[in-house]
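Read through the structure below, which is laid out as structure tokens, and then see the notes.
The numbers here are math on the coordinates, done by the rules we state, and not lab data. Please read these numbers as outputs of a predicted model, since none were measured by experiment. Positions of Cβ are generated from backbone atoms using ideal geometry, with glycine treated the same way; all protein chains shown enter the neighbour counts.
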2 protein chains.
Amino acid sequence: MAEVSQGEPGGLALFTDLYELMMVQAYLREGMTAPAVFELFFRELPAERNFVMAAGLAPLLDALEGLQFSADDLEYLRADERFSEEFLHHLADFRFTGDVWAVPEGTLVFPHEPLVQVVAPLPEAQLIETLVLNQIHFASLAATKAARIVLAAGGRRVIDFGSRRAHGIDAGMIVARSAYLAGCDGTSLMAAGRRYGIPIFGTMAHSYIQAHGDELAAFASFLDSFPESTLLVDTYDTIEGVQKVVELRRKMGDRFRVRAIRLDSGDLVELSRQSRRILDDAGLQHVQIVASGGLDEYKLAQFAELQAPIDGYGVGTSLAVSSDAPALDMAYKLVEYDGRPRTKLSSSKVIYPGRKQIFRQTVGSAYDRDVLAPAGAKLPGEGLLKQVVRKGQRMAGALPNLCESRDYAAEQLRSLPEPLRQLTRASSEYTVDIASELESQLNALRQQHL
Amino acid sequence: MAEVSQGEPGGLALFTDLYELMMVQAYLREGMTAPAVFELFFRELPAERNFVMAAGLAPLLDALEGLQFSADDLEYLRADERFSEEFLHHLADFRFTGDVWAVPEGTLVFPHEPLVQVVAPLPEAQLIETLVLNQIHFASLAATKAARIVLAAGGRRVIDFGSRRAHGIDAGMIVARSAYLAGCDGTSLMAAGRRYGIPIFGTMAHSYIQAHGDELAAFASFLDSFPESTLLVDTYDTIEGVQKVVELRRKMGDRFRVRAIRLDSGDLVELSRQSRRILDDAGLQHVQIVASGGLDEYKLAQFAELQAPIDGYGVGTSLAVSSDAPALDMAYKLVEYDGRPRTKLSSSKVIYPGRKQIFRQTVGSAYDRDVLAPAGAKLPGEGLLKQVVRKGQRMAGALPNLCESRDYAAEQLRSLPEPLRQLTRASSEYTVDIASELESQLNALRQQHL
């Protein structure tokens, strides 16, 4: 069972694949400790997506800073009998001492663009591969899904309800954080509220109504504790549930301070219209309607188009697992070792060799195109990769806080060309020009291995 | 960042949705602390699946046993200003004191069958909803996917390579554990090897070859450290890579102890055949061929059908995220409170009221059908739900260890009727008869709310 808390140092050092440790022992034995550059990128946008929103950097850096092997870790490795004593002694002193460059969290990125660039002695950069991929891959998937949901909601409130169907404890935390980053308004998950300072939201479950049996009695009792609460009206019959809310208003008079009702099943468009009429007819125009239950960006877009009178959404499973794209073809690849560009050639999957920078060029306030170029290039546009760690230490002021990142993410979405903000694949992808130097380096390496 | 270690008590108490805490405060205020029965089940099998393999119970019980609110947790809740001081004092003493019944890990289950049944004072049973769902839902999804992959592999070795694309730290651990439970042979994830005692496997990455530039030199150096290693042959050109392995054998003579080569890209059927011929022609019949790279159960079934000479598989992303079914319609529902059956009626989703037992009936060694009946019923067949926690304490000997569960899971798969072992949806589902008492209780509750 993973722990929600940050935990003691060393806890994540073994969150690595066996082959990383084997390669590190071999590198050390061979004295291959020169600087390496690894870049984290993806080759293809997943289904229907026109962008990926980068996320997960701050939690990753927290983990990297604390990364060390505990005595227990080393004991486990010793008992495995695969590694040399010399290597285990080396691991005892292991710390990440390299540099990290990354695009800020909330940045929209496109195929072949590095989200994270690690510049470190080869063994260190190799050892952290599993952790870097694990953290950035899913945080970015979840942020991307959340951004699509926020775009579809068209300004209505969106709350993350996904913790129960997220893939484990850490996933629940990552979903809540990525969703807030991407523009959701909060989460139902207390642990994420505490750790990240995200606003928390909650209503009531069917079990509360069921336990009471009588729906009206259940509503009244809940309001005794939480007078401004949202009442769940669909346990037995939605419309009768709404009528009970009206009845409660009559009974309670001015003590009635209910803010919203929640619909969780059935035809939400039709039920929201009927509920709105019943509430309005009773003078309860200020009581909002929130909806939940199997929602995703496509349903939200449909509700907006049909002008369903819904004021906010709770989105769970589809957000929590990025249901239509639960994985991204993301890789962490060596592109330079000891000052020389590197690549892999055998498959049709291109890896441009050499350390890179992304130059983003704008027209007015909208993005026009990116150029992927060697890191040292002087090109127009903003260089998106910024240094965040120097010699293993996080650079002061390099990372914005989560609220600042959320504002930045919103601006990123506003600056995206309109066709790329749609929920389906645009007729043409965002332009990422590959600088000719990268193409010629790739060709040179191909020649070398012919 | 979640922690891999088990962590201090209290760490998971806030892994709950806000509404659970609100409902618990309301229940306590109303004195609604009578025993409740909640059942965890799913209504529909996900795409192409003919069964779900239950998993995640032992880690869940670890978490439940340690569940308590720390001073920090309470401080956060106090600062939120939503809860009463009386309630916060109650939470300070919170422990789970209820009973848990569950099907053993590795059991194959079907729609409407409870995987877990919690019998506890209503507030306690309510509070743990998020955690129970979060842990059992994904562990069972991953075990189900792994079982399909193992069936498709037809006896060839399968290793979990999924940690990098699993949804966070906890997901990586759950995938490795569920995969082993379901019959995979091991994992690449060190942390899972340590915590669960799962065999670990590792080879080498492209970056190792790339860093050396020269492939033959890289192979030779790696073998200096790990003479029996698996060599990755597809960094530049797969067939040339295999020929270099043969060359190495010539150079090294008897010191050559390489056990396998790994193919990670290209047409794996064709490449495995060519590689097998080259190895065999060089007298290297004992060098195995393992394959990886975007594999899933469908590709494995195809390889088996085409008799590709592949001895083992590394399966990553598709296993780690259960790619074709990343979520399951699993719910944790109140079915009884204070001795009286409960349900929810408004949607078309049926919840059978009352506490239940699953009776599994066999013909020979194969499962024939299940009967879902009230818990007290005396019916033929084995009752699958067993008590594992009594008054908050795990019962001695109630849980098998992971290896025993793995054997049990294998037996479950062997006892499944043949058509349900296929990778596509069988023409008819496994029979789960609903006892007439459950139907009539449901109808009685429907009448009551008309």
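Just a few scattered comments:
- For chain A, built as a Gaussian network whose Cα springs stay under 10 Å, the top-fluctuating residue of A:Ala182, A:Ala120, A:Ala366: A:Ala366
- Unsatisfied cross-links (Cα-Cα over 31 Å) in the set A:Lys349/A:Lys378; A:Lys386/B:Lys244; A:Lys251/B:Lys391; A:Lys145/B:Lys299; A:Lys299/A:Lys386: A:Lys386/B:Lys244; A:Lys251/B:Lys391; A:Lys299/A:Lys386
- Applied to segment B:379-389, the Karplus parametrisation 6.51 cos²θ - 1.76 cosθ + 1.60 on θ = phi - 60° returns per-residue 3J(HN,Hα) values of 10, x, x, 7, x, 6, 7, 10, 6, 10, 10 Hz, with x for Gly and Pro.
- Using θ = phi - 60° and Karplus 6.51 cos²θ - 1.76 cosθ + 1.60, couplings along segment B:121-137 (whole Hz; Gly, Pro as x): x, 3, x, 5, 5, 6, 4, 8, 3, 4, 5, 4, 4, 4, 7, 6, 4
- Debye, to nearest 20: dipole size of the protein assembly as shown, +1 on Lys, Arg Cβ, -1 on Asp, Glu Cβ: 720
- Inter-part distance where segment A:42-110 and segment B:54-83 are each reduced to a Cα centre, Å: 28
- Rounded Å value of the spacing that divides the Cα centres of segment B:382-429 and segment A:138-180: 33
- Take B:Pro417, move 7 Å from Cα toward the beta carbon, and the resulting point lies 5.6 nm from the same point in each other copy, nearest first.
- Arranged from fewest to most other beta-carbon atoms within 10 Å of their beta carbon, A:Asp224, B:Asp80 become A:Asp224, B:Asp80.
- Alpha carbon Rg of the protein assembly as shown, scaled by the compact-globule rule 2.2 N^0.38 Å: 0.96
- Debye, to nearest 20: dipole size of chain B, +1 on Lys, Arg Cβ, -1 on Asp, Glu Cβ: 920
- Cα gyration tensor, segment B:203-291 - rounded (a/c under 1.5), prolate or oblate: oblate
- Exam field: A:Glu270 pseudo-label spacings to other copies (7 Å along Cα-Cβ), nanometres: 5.5
- Overall, segment B:42-125 carries a charge dipole of about 380 debye about its Cα centre when +1 sits on the Cβ of Lys and Arg and -1 on the Cβ of Asp and Glu, all other atoms neutral.
- Prolate/oblate/rounded label for segment B:336-426 (Cα gyration tensor, a/c 1.5): oblate
- Shortest-first distances to equivalent copies, position B:Ile434, nm, label 7 Å out along Cβ: 5.7
- Counting beta carbons within 10 Å around each of B:Tyr19, A:Tyr367, A:Tyr298 and listing the fewest first gives the order A:Tyr298, A:Tyr367, B:Tyr19.
- Residue-wise HN-Hα couplings along segment B:281-297, as the Karplus relation 6.51 cos²θ - 1.76 cosθ + 1.60 with θ = phi - 60° gives them from phi, are 4, 8, x, 9, 4, 7, 7, 7, 10, 10, 10, 7, x, x, 7, 8, 5 Hz; Gly and Pro carry x.
- Intensity falloff of chain A expressed as log10 I(q)/I(0), Debye formula with alpha-carbon point scatterers, at q = 0.08 Å⁻¹: -0.55
- Candidates A:Ser163, A:Ile174, A:Gly213 compared by Cα position along the dipole of segment A:94-222: farthest toward the positive end lies A:Gly213, with charges placed on Cβ.
- Residue of B:Ala102, B:Ala139, B:Ala79 that the Gaussian network model of chain B assigns the largest fluctuation, springs spanning Cα pairs under 10 Å: B:Ala79
- Exposure proxy ranking, count of Cβ atoms within 10 Å, fewest first, for A:Arg95, A:Arg414, A:Arg157: A:Arg414, A:Arg95, A:Arg157
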